[in-house]
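Contents: one structure, followed by commentary.
The values are calculated or read from the model by the stated rules, or taken from the named source; none is laboratory data. In this text, all values refer to a predicted model and were calculated from it rather than measured experimentally. Note that each Cβ is placed from the backbone with ideal geometry, even for glycine, and that neighbours are counted across all protein chains shown.
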């Protein structure tokens, strides 16, 4: 595994990867905040870095093809896969995420999937909002979530 921190319009963004698979990512310059041990090793961080830069340059789908890996129970893994299918500029509610993950009554579990997502941006939990349209929480701060949603809304129109 290896890590890299790059500058983005909303602040530093750190990626932890093995080979070309992203294991953790977040809006921080502190790799320890990602809660993934990073022993020295080689990884090809070129593709994920280029994808993040392209995303912020306006190619909102650039992050979609990057392989990710995170482990959780069956519902979490299904919810994370459902999050990857949420298109930029079209946020869903926690209720909608629960339904997309195959368990419509599991709204709290859908919120937990967002909270436990270790691969920010690549698994776009920032695209989930409350039923009333307000933003709810975001591990990297509500202002970053607001900025990401605004970027997607403005770029996609």
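List of remarks:
- Filtered residues of segment 70-98 (kept if at pLDDT 95 or above and touching a strand residue (DSSP E or B) at 6+ places or on another chain (Cβ under 9 Å)): 80, 82, 83, 84, 86, 91, 92, 93, 94, 96, 97
- Selection from segment 1-16 of residues that are modelled with pLDDT of 90 or more and touching a strand residue (DSSP E or B) at 6+ places or on another chain (Cβ under 9 Å): 4, 5, 6, 7, 12, 13, 14, 15, 16
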